[in-house]
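Okay, so here's the structure we're looking at.
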Amino acid sequence: MEKHALNPDDLTTRLLLENKAWSEEILSTNPDFFHNLAKGQHPDFLWIGCSDSRVPAETIVNAHPGQIFVHRNIANQVITTDFNCLSVIQYAVEVLKVKHVIVCGHYGCGGVKAALQSQNSGLTITNKWLMHIKDIYRLHKDELKGLDEEATLASLIQLNIREQVQRIAHLSIIQKAWKESQLPTLHGWVYGLENGILEQLITLDHTTQLEPIYRYND
Ligand SMILES: [Zn+2]
């Protein structure tokens, strides 16, 4: 049924009305805003974040459209066989030439929490996605020993962010870019749902010494 009547009580209609109000508000102070943006994008940042609705990239750093190239998935992972994420990284680095790549995880992450539990037999696909976080837990089991449930979750959330930043550094896309332009710098940040604050965990740049097994031999 084709029907486009605007009923403000309808959830999606509410979004469309909010969109209209938002664009009108921007145009009222900057009439060329969308016209200028439509010419092209030159973001300085690539953001790889969690899909969690409470961690919207632009909102938490007070950014505007055009400033951040964004990829989000469950538990902000960079899986080296995931063409979706790899394509985003390649385009951001090689075409948009972003200066910074930020992996942003968050405390209270449901994806990491689920990875710390036994597998849910109903969520066969999601299980596979979370398997990589279970691997991080297994590799760091000794340092997590003795921590209570809450501290284990917080630590694994941090370890997961650090691991993703390392994985990005291991990509040929980044090693090539570091050799050619010394950019981008890679950052791992964690966001606090309870205070709205970002914390820096790790920074890697072109001077970072990678383990020889991850280096390219040319
Ligand atoms: Zn999350």
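The values are calculated or read from the model by the stated rules, or taken from the named source; none is laboratory data. Quick caveat, the model's predicted, so the values are computed rather than measured. Glycine gets a Cβ as well: all are built from the backbone with ideal geometry, and neighbour counts include every protein chain shown. Side chains are part of the model used for accessible areas, which takes the heavy atoms of the whole protein and leaves out ligands, DNA and RNA. Shrake-Rupley method; radii C 1.70, N 1.55, O 1.52, S 1.80 Å.
Side notes on the structure shown:
- The set of residues in segment 32-52 that are under 29 Å from GLY110 (Cα atoms) and open to solvent by 70 Å² or more (accessible area, probe 1.4 Å) contains only PHE45.
- Residues of segment 121-145 classified as more than 16 Å from the ligand (Cβ to nearest atom) and open to solvent by 80 Å² or more (accessible area, probe 1.4 Å), total: 9
- Within this structure, VAL88 fails the test of being among the β-branched types (Val, Ile, Thr), within 16 Å of the ligand (Cβ to nearest atom), within 14 Å of the chain's Cα centre (by Cα) and closer than 30 Å to ASP44 by Cβ.
- Among the residues making up segment 172-187, a single one is open to solvent by less than 20 Å² (accessible area, probe 1.4 Å) and assigned to a loop (DSSP other than H, G, I, E, B): PRO184.
- Taken as a whole, the structure leaves ILE102 outside the set of residues that are within 16 Å of the ligand (Cβ to nearest atom) and either open to solvent by 30 Å² or more (accessible area, probe 1.4 Å) or free of Cβ contacts under 8 Å to residues at least 40 places away in the same chain (or both).
- Among the numbered conditions (1) under 30 Å from ASP44 (Cβ atoms); (2) of a type outside the set (Asp, Glu); (3) open to solvent by 30 Å² or more (accessible area, probe 1.4 Å), the only one that ALA151 does not meet is (1).
- When THR29, THR59 are checked against the criterion of being within 16 Å of the ligand (Cβ to nearest atom), among the hydroxyl-bearing types (Ser, Thr, Tyr) and open to solvent by 40 Å² or more (accessible area, probe 1.4 Å), a single residue qualifies: THR59.
- Filter pass, TYR107 being within 11 Å of the ligand (Cβ to nearest atom) and either in contact (Cβ under 8 Å) with a residue 40 or more places away in the chain or open to solvent by 70 Å² or more (accessible area, probe 1.4 Å) (or both): yes
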